[in-house]
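J.: One structure is given below, represented as structure tokens, and several questions about it will come after.
Only the coordinates and a few stated rules stand behind these numbers; no lab work does. Model, not experiment: these values are computed from the prediction. Here the Cβ is made from the backbone with ideal geometry for all residues, glycine too, and neighbour counts use every protein chain on show.
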Amino acid sequence: MNNGRLDKLRREWLPEATIRAMQEKMDAGEVTSEEIVSMYLAEISETDRNINSVLEINPDAMQIARMLDFERRTSGIRSPLHGIPVLLKDNMDTGDKMHTSAGSLALKDHYAAEDAFLVRRLRGAGAAILGKTNMTEWANFMSDKMTNGWSSRGGQVKSPYGPIDVGGSSSGAAAAVSANLAAASIGTETSGSIIEPASQNSLVGIKPTVGAISRTGVIPLSVTQDTPGPLARTVEDALAVFLGMIGRDPADPVTALSAVWGEQDWESVLDRNALNGVRLGVARNIFEREADTGRNRLFDRALDQLRECGAEIVDDIDLGVMEDDLGYDVLLHEFKAALNAYLGRTSPDNPIRTLSDVMDFNEEHPEETLRFGQNLFEESERTSGGLTERAYLEALERNRHLAGEIALESAFRKYRISALVFPKSHGSSFGSAAGYPGVAVPSGQEEGGEPFGITFYGRAFSEPRLIGYAYAYEQKVSGRVPPEL
């Protein structure tokens, strides 16, 4: 950077800077939002060439930040997110000069008519939308052979930690924040796509209860499982972004359930003693065969740390269901119906109106788009798109019963536990199918430098408890390990 003061701040202060630290420095007049945006843009230009996490920069980011700085001086701040640069996964509509493509070349020219509901909420809270992040194309539901983090529009997202799996479809959103290219980002999860990239990038990830955050204006995969959520370097930062997005959206009726938090004191959630006396369940048969010895050893260490925080570990419980029992029939049917509805409401100038149109585009550009094929598209296209098939209705009822009632609710009652805890993203299928929340938190590194984390899962709308558990654990172990870039 030409500005020596900013270049010094960028190198000595900006890495790992928290949202609270940014607010304190802006309040003291030591830095502005415009300058923070400028520093992050410099970081992206230098660092992201090796990570490929940021797909597109908001050309208005500097002007937006300047406006927010003026507001700060003249009328005060809107919320703890005022002037904070945030990145969005490329499946979230923005009614501005950025595209929304889900990583697909088929939608590379698509501009949304208006902001997604969650984007309006973030802008209203004063967040400065910095850009869009690369992602696994179509939320990793195009081919079962696709590499995490690859898209035909953006190429391959690379882990800032080296030659390891970058994780889930919110890969760019996670890699960018871990590499200190933004204060936080917004990802989406249908089955593991917030929890996994959070764990793989030494981040905190909140996968909310379905209904906590609106899906309106988010390119969909599943009407029953999709949910946006924050990715950040600390629990406090993730909570601040989460609070900026929750709220009732009449266009997404299930968000009415978020009224359960009407009287919630969110400040009290960040309690170092939140794990005192809490019973946590461990279902080893879900992960022990898949996790190697090193990962199991790290998880056992994390359990000891949880005990030191005051938690009681109820070990080796039986959930009565395995993740493979859930299958993906629900997603195959819901994807076509949901995507066709989304595409059908886009601008009349958009030639891509259906899943079939996307497939035809890919067939016409096979070298760029069909590196991994599109077998999941083909399976989904064979469904009616009307969600009337017996196979779908039975799979939906079965999955919600197995995941929600048999695996989770029965365990909570039978073992009198407040949450389940798993290594990394193991167990995420249960919360996804049931629509229940999870919070991932860093817990060090595996041998070879791959980040390691643990995840807490709880009942619907138990986010205040889970965030508290994650915060207490974070304060005990300080498990985040920044990448060496």
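J.: Would you check if A460 is out of contact with any helix residue (DSSP H, G or I) (no Cβ under 8 Å at 6 or more places or on another chain), surrounded by 17 or more Cβ atoms within 10 Å (Cβ to Cβ), in contact (Cβ under 8 Å) with a residue 12 or more places away in the chain and not charged (D, E, K, R)?
T.: It is false that A460 is out of contact with any helix residue (DSSP H, G or I) (no Cβ under 8 Å at 6 or more places or on another chain), surrounded by 17 or more Cβ atoms within 10 Å (Cβ to Cβ), in contact (Cβ under 8 Å) with a residue 12 or more places away in the chain and not charged (D, E, K, R).
J.: In this structure, is L343 within 29 Å of T209 (Cα to Cα) and under 27 Å from the mean Cα position of the chain (by Cα)?
T.: So L343 passes the test.
J.: Oh, and also: If you scan the stretch 44-63, which residues turn out to be of a type in the set (G, A, S) and free of Cβ contacts under 8 Å to residues at least 12 places away in the same chain?
T.: Scanning the stretch 44-63 gives a single hit, S45.
J.: Quick check on my filter: what residues within the stretch 12-26 are touching a residue at least 40 places away in the same chain (Cβ under 8 Å) and in a helix (DSSP H, G or I)?
T.: I19, R20, M22, Q23, M26
J.: Looking at the stretch 456-478, which of the residues that are out of contact with any Lys or Arg (no Cβ under 7 Å at 6 or more places or on another chain) and outside any helix (DSSP H, G or I) is farthest from D324 (Cα to Cα)?
T.: S478
J.: Pick out the one residue from L118, L81 that is touching a residue at least 40 places away in the same chain (Cβ under 8 Å) and assigned to a helix (DSSP H, G or I).
T.: None of the others qualify; the one that does is L118.
J.: Do the conditions hold for E409, that is, is it surrounded by fewer than 24 Cβ atoms within 10 Å (Cβ to Cβ) and closer than 24 Å to D329 by Cα?
T.: So E409 fits the description; yes.
J.: Let me ask something additional. Among what's in the stretch 425-439 and is closer than 21 Å to L303 by Cβ and assigned to a helix (DSSP H, G or I), pick the residue that is farthest from the chain's Cα centre (by Cα).
T.: Checking each candidate, the answer is F430.
J.: Anything in the stretch 413-432 that is surrounded by fewer than 19 Cβ atoms within 10 Å (Cβ to Cβ) and in contact with a strand residue (DSSP E or B) (Cβ under 9 Å, 6 or more places away or on another chain)? List them, or say none.
T.: Y415, R416
J.: Something else now. Specify the residue that is surrounded by the fewest Cβ atoms within 10 Å (Cβ to Cβ); the eligible residues are those in the stretch 101-157 that are among the β-branched types (V, I, T) and farther than 13 Å from I186 by Cα.
T.: Filtering the stretch 101-157 for residues that are among the β-branched types (V, I, T) and farther than 13 Å from I186 by Cα, the one surrounded by the fewest Cβ atoms within 10 Å (Cβ to Cβ) comes out as T147.
J.: Residues of the stretch 141-164 being among the polar types (S, T, N, Q) and free of Cβ contacts under 8 Å to residues at least 12 places away in the same chain, which ones?
T.: none
J.: In the list E43, E56, which residue meets the criterion of being buried (at least 17 other Cβ atoms within 10 Å of the Cβ), part of a strand (DSSP E or B) and of a type outside the set (A, V, I, L, M)?
T.: E56
J.: If P442 satisfies all but one of (1) in a helix (DSSP H, G or I); (2) in contact with a Lys or Arg (Cβ under 6 Å, 6 or more places away or on another chain), what's the number of the condition it fails?
T.: (1)
J.: Can you pull out the helices (runs of 4 or more DSSP H) entirely within the stretch 330-424 that have at least 1 residues that are of a type in the set (D, E) and either free of Cβ contacts under 8 Å to residues at least 40 places away in the same chain or more than 30 Å from R295 (Cα to Cα) (or both)?
T.: Per the criteria, 355-364, 366-369, 375-381, 390-400.
One line per residue, one yes/no per condition, for (1) surrounded by 14 or more Cβ atoms within 10 Å (Cβ to Cβ); (2) in contact with a Phe, Trp or Tyr (Cβ under 7 Å, 6 or more places away or on another chain):
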residue: D304; (1), (2): no, no
residue: G327; (1), (2): yes, no
residue: H333; (1), (2): yes, yes
residue: G344; (1), (2): no, no
residue: L355; (1), (2): yes, yes
residue: H365; (1), (2): no, no
residue: S380; (1), (2): yes, yes
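J.: Can you give me the number of residues within the stretch 289-299 that are of a type in the set (D, E, K, R) and either in contact (Cβ under 8 Å) with a residue 40 or more places away in the chain or more than 21 Å from E323 (Cβ to Cβ) (or both)?
T.: 3
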